[in-house]
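Undergrad: Handing you this structure, nothing more for now.
The values are calculated or read from the model by the stated rules, or taken from the named source; none is laboratory data. This structure is a prediction, so every number in the text was calculated from the model and none was measured. Virtual Cβ from ideal backbone geometry, glycine too; neighbours counted across all protein chains shown.
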Amino acid sequence: MRKNRLDKKLLQREVGRQFGVEKDTITNWEINRTFPSLSHIPKIIKFIGYIPWEVSAQNIKLCRKTMGISQKSLAKQIGVDPSTLSRWEKGIKAPSKEKLKMLSKCFASFSLSFVQTEEKSFL
């Protein structure tokens with residue numbers, strides 16, 4: 001997160017305002033002293049532009065279920081057979097780097113649309 005903040009030439013207090021937290025909270029996140037709450041994760045994904053954790057078998061299934069889509073639908077979006085996605089979710093096989101990138105983009109775009117929906121609902 002720090003690298004993205006510096007690349008955007010933003011101060012910690014400016015990023016803190018975007019997330020609704022104090023400057024010290026941003027400092028603690030950047031030095032891994034504390035972790036953001038779940039409610040901040042979609043905003044962090046939007047800020048940095050990618051999912052900041054490894055896409056593992058458990059994460060694939062969790063993200064898909066969070067998105068509320070079927071294996072068949074997600075498989076179609078990333079161009080694989082549903083049985084392949086099922087094997088990934090069970091940890092039997094691992095996705096290629098290319099497919100991991102596609103999954104990350106798919107999950108990140110969902111997170112971004114979730115953030116935008118949440119922001120509109122609070123206006």
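Undergrad: Being touching a Gly at 6+ places or on another chain (Cβ under 6 Å) and either of a type in the set (Lys, Arg) or at positive phi (or both) is the filter here, so list the residues in region 20-64 that pass it.
TA: Residue satisfying the conditions is Lys23 alone.
Undergrad: Continuing with this model, one more query. For residues that are buried (at least 17 other Cβ atoms within 10 Å of the Cβ) and touching a residue at least 12 places away in the same chain (Cβ under 8 Å), scanning just region 20-29, find the one that is farthest from Met1 (Cα to Cα).
TA: Val21
Undergrad: I'd like to verify a number: residues in region 30-49 that are among the hydrophobic types (A, V, I, L, M, F, W, C) and either surrounded by fewer than 13 Cβ atoms within 10 Å (Cβ to Cβ) or farther than 10 Å from Met1 by Cα (or both), how many?
TA: Qualifying residue count, region 30-49: 4.
Undergrad: Return the only residue of Lys3, Lys65, Lys9 being surrounded by fewer than 14 Cβ atoms within 10 Å (Cβ to Cβ) and over 24 Å from Cys106 (Cα atoms).
TA: None of the others qualify; the one that does is Lys9.
Undergrad: For region 56-66, check the following and say yes or no: at least one residue is at pLDDT below 80, under 27 Å from Asn32 (Cβ atoms) and part of a loop (DSSP other than H, G, I, E, B).
TA: Yes, region 56-66 contains a residue that is at pLDDT below 80, under 27 Å from Asn32 (Cβ atoms) and part of a loop (DSSP other than H, G, I, E, B).
Undergrad: Shifting gears a bit: State all residues of region 83-104 that are β-branched (Val, Ile, Thr) and surrounded by 12 or more Cβ atoms within 10 Å (Cβ to Cβ); if no residue qualifies, say none. Break it down stepwise before answering.
TA: Within region 83-104, the first condition is being β-branched (Val, Ile, Thr), and the residues that meet it are 84, 92.
Matches in region 83-104: Thr84 only.
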